[in-house]
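The block underneath contains the structure these notes are about, expressed in structure tokens.
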Amino acid sequence: MFDRSTTLLAALVVAGVAWPVHADGQSWREATMSHRLESSEPVRAQISYGAGTFGLRATEEPLLYRVSLRYDEDAYEPLIEYSGDRLEIGMEGSGRRFPFGRRSSGGSMDLELARGVPMDLDLHFGAVKADVDLGGLALTSLELSTGASESRIDVSEPNTSVLRRAVFEIGAADFTMRRLGNLGAERIELKAGVGHVDLSLDGRWRADARLSIEMGLGALDLRVPEGLGIRIRKDSFLTSFDPEGLVKRGDSYYSLDWEEADRKVTIDLNAAFGSVQVLWIR
Amino acid sequence: MRRSAIPSRLAAIAVTAAAFLLPSHAVAQAREIVSKQVSVGASEAVLVLEFRGGHRLEASFRDGTVSVDGEPIGAFEPGSAFDASWRSLLGQAVALENGPLAVAVQDWAPPTELTGSALEVAEALDRALEEGIEPSGDTPTAQDVSVSSSERGTLTRLLMGSVTRLSVLEEALAGLDERINVHIEEDFEVPAGETVEGSVVVIDGTATIAGEIRGDLVVVDGSVALEEGSRITGELRMADARMLRNLGDVDGGVVDVLATERDETDDLRERLRSEIRDEVRRDLRNELRNVTRADDDGFSFLSPFRTVLRGIGGVIETVFTILVLGLLGAVAVSFARENIEIVADTARRAPGRAAAVGLAGTFLLIPIWILGAVALVVSIVGIPVAIAWLPLFPAAVLVAGIFGYLAVAKNAGEWLADSGYAWTDWVRKSNPVHTILAGLIGLMLAFLAAHVISIVPFFGFLSGLLVFVGVVVTFAAVQVGFGAVLLTRGGRRREYWPLDPEEAWAAAMDIDADLDEGTTTAAGSTADDRNEGSEPHV
């Protein structure tokens, strides 16, 4: 009846409650909130998390959301608001103490969102280690912004809705994205400041798409599955480019099977001070 | 699995509508839990449940007190069996939702080892939980009424009252084949390798497709999962339904039946928002226009209040300026007392000369700045100096101007201390911070008076005149002070030294407010000592 994560979470909470006063001077609190799914009307979800470990995935249960939090109650308090078509989940300062040091970094947010409910999803991370699986969500819009974070984004299953536009704004971060094709987005924008971006274009592309990448100072690994047609239009400054498996025609680089490919992705690459490497997924 | 083949589409609509509108599920034995919150910390363990219809139940163990819906019902011992039992329930509640959660809460009972008051509190909590979970005698809504299909009157009434939902159904079923497989309130599954001929309608159930449907699939108020390798040759129509998994192929595409309705709602919402925005914008524009017109005309209904507010604002602004400059004066006295006294002495003894030098210096500032930069830039060695010169020279001039102005304010403050006015009694001549502050008030008195007078109607001319006087006084003070700073090289070189004997004697005989501290300036003391005035010299 329960999936592994729920069982694990329950075990953690039980373990936590078994030693309620074990650590003097620390005031960690564990909380779980959930809301039943009452309709399949579209939802605009805004999720923000400042510091700690963040996880997101689709839930198998008939819930709109379930969020499990671990936080320092002297410094933070949860902010969860659901009204009409708006869902807001995050943490805010309690005002009792300035969040600083290890207390702010030891927290976590584990979030599950409803499958199949059309959703405009905004994710905002600060200094967060994020592990996000968007598979199974019905995304109609996606915006993800990160600060100094380590983010791993996967789309393990195809999006069950039509995604108009996906935007990723990455600060100083280590950013990994897997199975981007499963998003089913017609237009994807990725803006990266400083750091390493690892982008896999595997997954199931429903239609031709356009991917716009702006890189500041950093390295971009572009993983492309065989059979997917890609065209790269590059505008770069002091950036090394390794176009393995691509041929240059005019001002663009094409995959060898560009003409025959069922699905084509056009990549507009704008980079400065870094390196771009194309890797093929056999 | 129950399957029925209904030849007529209208019959299907009627049947599905009846099922859609008249849920036949049994009345639950517990309230439906819509949301839950489990919160566990070192000093508290809280369970909050929200039920359909808005009812709420909150039970908390916090700082030794057990509360239900905010009302204390008794005490508990942290770490006791009672506390542990409650925390154990919350541990279960994390993983449970709705029905199972309600059962777990209902099943909770006080631990057997409890006795005395702890047992009473636990029993009270148990009762509160039972009462909170059990359904109340609320009046059921139309949706909850259980009506048998034979009650045609009720059925008709409900159908008539649900035109919107009927239209949704009709839209979902429009154009389907004559042969439809209808599944109401049950799950429908096509296993891998199997094929279903004809269209399928699933209402209030989950359709899991791993095989093939040769036709359309309509899902109303339910969910659909297209597994890997599945195929629907027609359309997948969804009305108020969720797609859980989309790994199959749908030849005819996925149609959201409510999309049009939703788009229309969005359009309406956007149109309303746009209209409200335009109206607010129009109102603001009119308001701004009225305010502007009132300013242009010089009179409006609010004019008197506006002048009062403006006057008070001006007074506050001037007082703030005095305080900031006074603070700077205190800093200058603390760190460069001798310099400020030398500058003040020079400004007092030769104000004309100082003003002339200040004026000349002011006119020469920009040429010196530019020529200095050019002279430095022509040599490679000078380039780094020029980079510093460009911002530092104006900064140095600004500091010199303020320093000189404060020195003049000090002189003005000393003069006010000697003046004998009642309102200057607080000024101690021996204290340079006092004299600087008093001098600043004196130098800015014209501005203060101008702002106060501007509050009174019909005194605009006098107010303007006072502002002019204030500007002249300030300009003169700055010029004299700046000139004195230049003459004394920032207070490092005395222009008049030593005092002539007659002045020294007069100064020595000048017994003033220093008496407050029991100190006097003595004959034979230097000018510095006289100004410091804290220690008598023999």
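The values are calculated or read from the model by the stated rules, or taken from the named source; none is laboratory data. Bear in mind that the values here come from a model prediction, so they are computed numbers and not experimental data. A quick note on method: Cβ atoms are made from the backbone with ideal geometry, for glycine too, and the neighbour counts reach across all protein chains shown.
Can you confirm whether B:F468 is farther than 27 Å from B:S334 by Cβ, modelled with pLDDT of 90 or more and surrounded by fewer than 22 Cβ atoms within 10 Å (Cβ to Cβ)?
yes
Please pick out the residue among B:A417, B:A360, B:A388, B:A395 that is at pLDDT 90 or above, of a type outside the set (S, T, N, Q), over 21 Å from B:V471 (Cα atoms) and out of contact with any Gly (no Cβ under 7 Å at 6 or more places or on another chain).
Residue meeting the stated conditions: B:A395.
Please specify each residue of segment A:204-241 satisfying the condition of being part of a strand (DSSP E or B) and exposed (fewer than 13 other Cβ atoms within 10 Å of the Cβ).
Result: A:D235, A:F237, A:L238, A:S240.
Among the strands (runs of 3 or more DSSP E) confined wholly to segment B:181-226, which include 3 or more residues that are in contact with an Asp or Glu (Cβ under 8 Å, 6 or more places away or on another chain)? Working first, answer last.
Details: elements: B:188-190, B:195-197, B:199-203, B:206-209, B:212-214, B:217-220, B:223-226.
Strands (runs of 3 or more DSSP E) meeting the threshold: B:199-203, B:206-209.
May I ask you to list the residues in segment B:251-274 that are within 11 Å of chain A (Cβ to nearest Cβ), among the hydrophobic types (A, V, I, L, M, F, W, C) and either closer than 15 Å to A:P158 by Cβ or not in a helix (DSSP H, G or I) (or both)?
B:V254, B:L258
Just give me the residues in segment A:257-277 being of a type in the set (D, E, K, R) and either part of a loop (DSSP other than H, G, I, E, B) or in contact with a His (Cβ under 8 Å, 6 or more places away or on another chain) (or both), in sequence order.
A:D257, A:E259, A:E260, A:D262, A:R263
Listed here are the residues, each with its yes/no results for (1) assigned to a helix (DSSP H, G or I); (2) crowded, with 18+ Cβ neighbours inside 10 Å; (3) in contact with a helix residue (DSSP H, G or I) (Cβ under 9 Å, 6 or more places away or on another chain); (4) not β-branched (V, I, T).
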| residue | (1), (2), (3), (4) |
| --- | --- |
| B:F305 | yes, no, no, yes |
| B:A332 | yes, yes, yes, yes |
| B:F335 | yes, no, no, yes |
| B:I340 | yes, yes, yes, no |
| B:D345 | yes, yes, yes, yes |
| B:A354 | yes, yes, yes, yes |
| B:T362 | yes, no, yes, no |
| B:A375 | yes, no, yes, yes |
| B:I383 | yes, no, yes, no |
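Please determine, by comparing only the residues of segment B:93-106 that are in a helix (DSSP H, G or I) and facing chain A (nearest Cβ under 7 Å), which one is surrounded by the fewest Cβ atoms within 10 Å (Cβ to Cβ).
Ranking the qualifying residues of segment B:93-106, first place goes to B:N98.
Any idea how many residues of segment B:194-210 are polar (S, T, N, Q) and buried (at least 24 other Cβ atoms within 10 Å of the Cβ)?
Final tally of qualifying residues: 1.
With the requirement that a residue be among the basic types (K, R) and touching a residue at least 60 places away in the same chain (Cβ under 8 Å), what does segment B:226-276 give you? Can you show your working first?
Of segment B:226-276, the ones among the basic types (K, R) are B:231, B:237, B:242, B:245, B:262, B:269, B:271, B:273.
Residue satisfying the conditions is B:R237 alone.
Can you name the residue in segment A:49-93 that is buried (at least 20 other Cβ atoms within 10 Å of the Cβ), free of Cβ contacts under 8 Å to residues at least 60 places away in the same chain and hydroxyl-bearing (S, T, Y) and is also nearest to the other protein chains (Cβ to nearest Cβ) among such residues?
In this case the residue turns out to be A:S68.
Looking at B:T318, is it under 16 Å from B:L398 (Cα atoms) and in the same structural domain as B:V480 (by TED's automatic domain parsing)? Spell out the reasoning first.
Details: under 16 Å from B:L398 (Cα atoms): no; in the same structural domain as B:V480 (by TED's automatic domain parsing): yes.
Considered against the rule, which asks whether it is under 16 Å from B:L398 (Cα atoms) and in the same structural domain as B:V480 (by TED's automatic domain parsing), B:T318 comes out as no.
Got at least one residue in segment B:181-188 being within 24 Å of B:E228 (Cβ to Cβ), surrounded by 16 or more Cβ atoms within 10 Å (Cβ to Cβ), in the same structural domain as B:L244 (by TED's automatic domain parsing) and at pLDDT 90 or above?
For segment B:181-188, residues within 24 Å of B:E228 (Cβ to Cβ), surrounded by 16 or more Cβ atoms within 10 Å (Cβ to Cβ), in the same structural domain as B:L244 (by TED's automatic domain parsing) and at pLDDT 90 or above: present.
Quick check on segment B:63-75. Is at least one of its residues in contact (Cβ under 8 Å) with a residue 12 or more places away in the chain and within 13 Å of chain A (Cβ to nearest Cβ)?
yes
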